[in-house]
Amino acid sequence: MTYLNALAQPVLEIPPSINAAAWQNRSRTAPARWNTYLNQVCSQTVSDWLQDARETLDRTALQNLWQLVNGTSFRLDAHRIILIPDKTMDTREFRVPQEWVDIPSWVGDYYFAAQVDPDEATILIWGYTTHAQLKALGEYDASDRMYSLDAEQMSQDFAVFALTRELYPQAVTRAEIAALAPVPAVQAENLVQRLANPEILQPRLEIPFQLWGALLEQSEWQQRLGQLRQGVRSVSLRQWLQNTIAEGWQTLDSLLGDEPALAYRFRQTADATRPTVQCVKILELREHTFWLSVVIEQEEDDRLSVRVQLRGAERDEILPSGVMLTMLSSAGEVVQSVEARDQDNLIQLRRFRCSAGTEFSLQISFDRIQVTEDFIA
């Protein structure tokens, strides 16, 4: 059982190293600047206080999440804890974003109210409640999509919290909520591109909650939007199907439009009955010019079939021995790799399929130089 500080309302000191790192790593975008700082100092300081708690997302995923909504989740034994930080000195009510209450996969058992004082480098954990209490007693404000609960309706003794979890581990903490219908991939991509606009200061209020909540519940789209809000741009393959080609890429037909015979030689075989796009990026590595070719096909189950090829720019040109083409997962792990041999005029990866929102990278390595291209399906 986790040991908790016996104080009714613990005041936690933010370690200087955590405070400095969080301030240094705060978001570059103004709307999320305070959000990322407050959540980072809270998540690290409070997880140390809870001892056995572990965050449910890795640090990169959290940085993307905090671009969109305030709050952090922990797993504490069998319970899920939602921590909501605030820097206001007013503790008369607890305000929780709707996302943490009405998105089924985000719902917690216990919700902690944290008051952060950046000047004093302290965090006051001043109260807690359950999901069931928030739904039953909280007031919902549709204008900012927040649930609020008066301080008098919250528990404020964390020694009691530890005792309750120990004596009543099966206590009902969650209310039933309705499922959210998934957003189709094409619509999700369009929404993500629209909400990535930095002029939209609060994307969470820009579209109906049923759409917004469903978008965030699909973690691939949530992370994609968070990245775009930070200015991290991956090539969207689905946009190719809508005739929107990423900067630096060209369709094969536009690249070789006046040489149809050569275009035919470079074109990779595809199923003519499916929507298909082949795009090429020209890469200069040392004295060599390479063509990185990516072919995507829309499959019936909404997945994309992807084929990747690397070759020289000249007809029948032999690739320099040792050039390598590698596919990496979103976590940076090697999925597959191929290396050019002495007489290869092209190298290619095995065809793979990926669901909407799947992220991966292609890496070209040659003579101690690496070029990496990031994609999202």
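The values are calculated or read from the model by the stated rules, or taken from the named source; none is laboratory data. Note that the structure is predicted; figures quoted are calculated from it, not measured. With ideal geometry, Cβ positions are generated from the backbone for all residues, glycine too; neighbour counts draw on all protein chains shown. Ligands, DNA and RNA are excluded from the accessible area calculation, which covers all protein heavy atoms including side chains. Shrake-Rupley method; radii C 1.70, N 1.55, O 1.52, S 1.80 Å.
For VAL235, enumerate residues with amide H under 5 Å from its amide H, sequence gap 5+ or separate chain, H modeled in the peptide plane.
Residues meeting the criterion, in which the H sits 1.01 Å from N, are ASP374, PHE375, ILE376.
Applying the Karplus parametrisation 6.51 cos²θ - 1.76 cosθ + 1.60 with θ = phi - 60° to the phi angles of segment 312-321, what ³J(HN,Hα) value in whole Hz is obtained for each residue in order, glycine and proline being reported as x?
Values per residue, Gly and Pro as x: x, 7, 8, 4, 6, 5, 7, 6, x, 4 Hz.
Ranked highest first by the average count of other Cβ atoms within 10 Å around their residues, in what order do 288-298, 312-322 fall? Don't skip to the answer; put the middle values down first.
Numbers: 288-298: 19.8, 312-322: 14.4.
The packing order, highest mean first, is 288-298, 312-322.
When only Cα pairs under 8 Å and 6 or more residues apart are kept, what is the percent relative contact order across segment 62-117? Don't jump to the answer; show the numbers that get you there.
Details: 73 pairs, mean separation 21.6, N = 56.
Computed value for segment 62-117: 39 percent relative contact order.
Can you compute the modelled spin-label distance between VAL160 and MET324, with each label point 7 Å from Cα toward Cβ, in nm?
So the two model labels end up 6.0 nm from each other.
What number, in nm² with one decimal, is the all-direction average of the projected area of the convex hull of the alpha-carbon atoms of the chain?
On the way: hull surface 88.5 nm².
Projected area, direction-averaged: 22.1 nm².
Within 10 Å, count the other beta carbons around each residue, average over each peptide in 214-224, 230-240, 244-254, and list them highest first.
With the highest mean Cβ count within 10 Å placed first, the list reads 214-224, 230-240, 244-254.
From the phi of every residue in segment 64-75, what ³J(HN,Hα) in whole Hz does the Karplus formula 6.51 cos²θ - 1.76 cosθ + 1.60 yield, where θ is phi - 60° and glycine or proline is x?
Residue by residue, segment 64-75 yields 5, 4, 6, 6, 10, 8, 7, x, 9, 10, 10, 10 Hz.
Leaving out ligands and nucleic acids, note down the accessible area per residue over segment 151-236 with a 1.4 angstrom probe, in whole Å². It would help to have the intermediate numbers written out before the result.
Details: 4420 Å² over 86 residues.
So segment 151-236 comes to 51 Å² accessible per residue, rounded to a whole number.
Keeping the other protein chains in place, figure out the carbon and sulfur percent of the accessible area of the chain, with a 1.4 Å probe. List each step's numbers first, then the result.
On the way: 8450 of 18050 Å².
So the carbon and sulfur contribution to the accessible surface is 47 percent.
What does the helix-only formula give at 222 nm for the chain: each DSSP H stretch with n ≥ 4 adding -39500 (n - 2.57), the total divided by the residues, and the result rounded to the nearest 500 deg cm²/dmol? Show your work: numbers first, answer last.
Numbers: 12 runs with 105 residues, N = 377.
Counting only the DSSP helices, I get -8000 deg cm²/dmol.
Please identify which residues in segment 172-205 have an amide N closer than 17 Å to a label point set 7 Å out from the Cα of ASP301, following the Cα→Cβ vector.
Residues 185 fall inside that zone.
Relative contact order for the chain using alpha-carbon pairs under 8 Å, separation at least 6, rounded to a whole percent?
On the way: 690 pairs, mean separation 43.2, N = 377.
Taking the mean separation of contacting Cα pairs over the length of the chain, I get 11 percent.
In the Gaussian network model of the chain, springs joining C-alpha atoms below 10 Å, which of LEU163, LEU12, LEU62 carries the largest mean-square fluctuation?
LEU163
Using label points projected 7 Å from each Cα along Cα→Cβ, tell me how many nm separate LYS87 and TYR140, to one decimal.
Each label point is offset 7 Å from its Cα along the Cβ direction, giving 3.1 nm.
Which residues does a label at SER355 reach in segment 94-130, if reach means a backbone N under 20 Å from a point 7 Å past the Cα toward the Cβ?
103-107
Starting at the first residue of segment 234-241, write each ³J(HN,Hα) from the Karplus equation 6.51 cos²θ - 1.76 cosθ + 1.60 with θ = phi - 60°, in whole Hz, x for Gly and Pro.
Running phi through 6.51 cos²θ - 1.76 cosθ + 1.60 with θ = phi - 60° gives 9, 6, 8, 5, 5, 5, 4, 5 Hz.
At LEU205 and VAL232, where each label point lies 7 Å from the Cα along Cα→Cβ, what is the point-to-point distance in nanometres?
A separation of 2.7 nm, rounded to one decimal place.
What residues qualify as long-range amide H neighbours of SER27, i.e. H under 5 Å apart, gap of 5 or more or another chain, H built at 1.01 Å from N?
Correct list: THR36, TYR37.
If Rh is defined by the Kirkwood formula over all Cα pairs and Rg also comes from Cα, what ratio Rg/Rh do you get for segment 291-377?
0.99
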